[in-house]
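Written out below as structure tokens is the structure these notes cover.
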Amino acid sequence: MAEALGRLNPEQRMAVETIDGPLLVLAGAGTGKTRVLTTRFAYLIASGAARAEEILAFTFTNKAAREMRERVAALLGGPVETLWIGTFHAIAARLLRRHAEAVGLRPDFTILDTDDQLRLIRTLAAEQGIDPKSAPPRFLLAQIQRWKDRALAPEAVPAAEAASVADGKGFDLYATYQERLRGLNAADFGDLILYMVELLRHDPDRLARLQRRFRHVLVDEYQDTNVAQYLWIRLLVEGHGRICCVGDEDQSIYSWRGAEIDNILRFERDFPGSRIVRLERNYRSGEAILAAASGLIAHNEARLGKTLRPADPARAGEKVRVVALEDSDEEARFVATMIETWRAEGERLAEIAILVRAGFQTRAFEEQFLARNLPYRVVGGLRFYERAEIRDALAYARLLFHEEDDLAFERILNVPKRGAGESTLQALRAAAVERNLSLLEAARALCAERKLRGKAGEGIGRLLDDLDRARRLLAERGAAKTLEILLEDVGYFDLWRREGTLEAEGRLENLRELIRVIGEFGSLGEFLEHVALVTELDETVEEEKVSLMTLHAAKGLEFDIVVLPGWEEGMFPNARALEEGGERALEEERRLAYVGLTRARRRAVITHARYRRMFNQVQAAMPSRFLDELPAEWVETGAPGPKRRGLGRVTAPAFAAGSRVMHEIFGEGTVLAAHEGRVDVAFDRIGPRRVLSDYVRPLSD
């Protein structure tokens, strides 16, 4: 233990050895909070302040719990079987198994996953006559979970809130859902903590026993706790006050998931006599990055305050670089070229990350990486063209281009739902085989003969009409606008709009990005071939990969080099977040920027575009207000080093017949002829193609 304490800096050691009364450890990014938490756990045991089974430690991920358990075991010289270390949900489930009868369950209760919850919600909503179009099951389930995050049982939900859900049926649905769960001897994840709060609120004897049992409570990532978790913690420690919370209000970025930043901001009021220890020595980044991040976050008012500084004063590091580019395509080309240069200079691809505000931004980078054989991985999500909504939209596009595409027809036959289940599909397949027709043609024939009846017949008839109308529009309106109209007509956009969740909004953003990309191609056929080649090229066995992820997914990670694209007003800070949350949302967006910057060890590059295509229109983009808030003395502007040739756009007259060129997707080829905005190229791998000149550069560059 003495050796472990000797490895701590003075502030860390104070956080470990202060064991009487409430303690808040404000741990800035990269300041060693995990070491403090695990050393404190071991110190409580080694000093005799508590036995292992008398300490309760909450984490937010199973990974963090495993790491903490392993570190504590290493400090104590071997595994300890009686440790209570786990996520809020894991600890709650473990305790509820012992107290299940008190909440109306048996100890062997089942914990439902999301699919089971949705299935139950659909059944109950149908029983209560709730229209799934106006109140989709996912929306209803999300609303119930929000109530549980606030520790609101059905009878505690404010009447006005319940009345605003499902045409006033929100209360009955929630109450019936809870009754049905108990009848199934089941609970969902929200119940685990809600039941613990209810149990301790209404049973003083049981509460007193748990307070005596857990003499010390440790909480990691306290800034991410929701109301129910906060209330549970308060109940557990109100008798003795021996609580240590580790967190960073400047990294509170999950309000959309129920996290309540006020929990950490009011710690001193909630726990009288508490002490605050600030960890400000950063072991990750150089002084320039830390100073830039600290200067930015200082513009927030909802904070307790701390200033990060490098543990090694000699580590100044590179200044944060801000680069203005023409548009999102040039941004992607620039970043890809930078990464190629860094790799040539010896940087590891695994130590480079691109952190975006919204998932749809990854598409342009993915295509550049595929074209250049730069290995990459999308962390915490699917690659752009693998996402379900993109595959659905592409299936509609394929049917517009080639109505004999049976696989595409099968995919969208009942998406959105048209009452066309498996039996309808089997009937269509049988008719197609018998008459030697495609599935779409078979559907048209059966509709004409009135052999498809009921809801399925009506739905398929409307689908065929919508496809025919879109096909007629194709020449007049172009591929992008036509697909947009088709997806609107068939109700695919409405499918996600009605869901009303953040995930659904992300899907809509991805669809808008897809339509934008289609508009860059000369024809629908060109685009579909482009997609086929992108997915065909998407193969690599190299383990070293650039990481592509959202800023939310990057929390807790670190890289040598971080690229932060899209720092423009409306993109970042996000316009929708500001509209819905005002100043409070702006501060969370700023915290998200702070998190992004502090992921970088040695180099941080921020890019923004002068123009960005949004909703299929090119719009002038204003630089993000966050750029003005970065301290000027720690920022450099412009591309590093001399500007590389080939980053900008190349116009058609630059191409002479017979010259060798490189296309971003199709690879190398020989120019056959140049036209206005187009160039004919005989590609080595796929043969002659007419392509947009913007996507071709001379091979000699």
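Tyr230 sits with roughly 20 Å² accessible to a 1.4 Å probe, with DNA, RNA and ligands left out of the calculation.
Residues of the range 268-284 with an amide N closer than 12 Å to a point placed 7 Å from the Cα of Arg201 along the Cα-to-Cβ direction: none.
Across the range 249-263, rounded Karplus estimates of 3J(HN,Hα) from the backbone phi angles (6.51 cos²θ - 1.76 cosθ + 1.60, θ = phi - 60°) give 4, 6, 10, 7, 10, 10, 4, 5, 9, x, 4, 10, 5, 4, 4 Hz, Gly and Pro being marked x. Using only alpha carbon pairs under 8 Å that are at least six residues apart, calculate the relative contact order of the chain and give it in whole percent. With pairs under 8 Å counted, the relative contact order is 15 percent.
One chain, two ends: Asp494 and Lys417. Fully extended at 0.36 nm per residue, the span grows by 26.5 nm beyond their Cα-Cα distance.
For the chain, the carbon plus sulfur part of the accessible surface works out to 49%, probe radius 1.4 Å.
Rounded, prolate or oblate: pick one for the range 470-608, where a ≥ b ≥ c are the square roots of the eigenvalues of its C-alpha gyration tensor, a/c under 1.5 means rounded, and failing that, prolate if a/b is larger than b/c, else oblate.
Oblate.
Taking the helices alone, the chain has a mean residue ellipticity at 222 nm of -14500 deg cm²/dmol, built from -39,500 (n - 2.57) per DSSP H run of at least 4 residues and averaged over all its residues.
Please state the shape class of the chain: rounded when a/c is under 1.5, otherwise prolate if a/b exceeds b/c and oblate if not, all from the C-alpha gyration tensor. Oblate is the answer for the chain, as a/c is 1.5 or above yet b/c matches or exceeds a/b.
Within the chain, DSSP assigns beta bridges of which about 35% are antiparallel (rounded to the nearest 5).
Each other residue within a Cβ distance under 13 Å of Ala311 adds +1 if Lys or Arg and -1 if Asp or Glu, for a net charge of +3. Within the full protein context, the accessible area of Leu672 is estimated at about 100 Å² for a probe radius of 1.4 Å. Listed cross-link partners Lys417/Lys451; Lys319/Lys555; Lys169/Lys481; Lys63/Lys545 are compared with a 30 Å cut-off, the Cα-Cα value being larger for Lys169/Lys481. Under a point spin-label approximation (7 Å from Cα along Cα-to-Cβ), what is the Glu386-Arg469 distance to one decimal in nm? Each label point lies 7 Å from its Cα, and together they span 3.6 nm. The order of Phe521, Phe88 by accessible area, most exposed first and with a 1.4 Å probe, is Phe521, Phe88. The residues of the chain have, on average, 43 Å² of accessible surface per residue, using a 1.4 Å probe with all protein chains present. Straightening the chain between Arg119 and Ala90 buys 8.1 nm, computed as 0.36 nm per residue apart minus the Cα-Cα spacing. Each Cα pair under 8 Å and six or more residues apart adds its sequence gap; the mean of these over the residue count of the range 131-286 is a relative contact order of 20 percent.
Overall shape: oblate for the range 282-367, with the ratio a/c of the largest to smallest alpha carbon gyration tensor axis at 1.5 or above and b/c at least equal to a/b.
The H on the amide N of Ser624, modeled in the peptide plane, is under 5 Å from the matching H of Glu568, Glu569, each at least 5 residues off or on a different chain.
The values are calculated or read from the model by the stated rules, or taken from the named source; none is laboratory data. Treat the numbers as computed from the prediction; the structure is a model and nothing was measured. Virtual Cβ from ideal backbone geometry, glycine too; neighbours counted across all protein chains shown. In case anyone asks, the SASA skips ligands and DNA or RNA and just uses the protein heavy atoms, side chains included. Shrake-Rupley method; radii C 1.70, N 1.55, O 1.52, S 1.80 Å.
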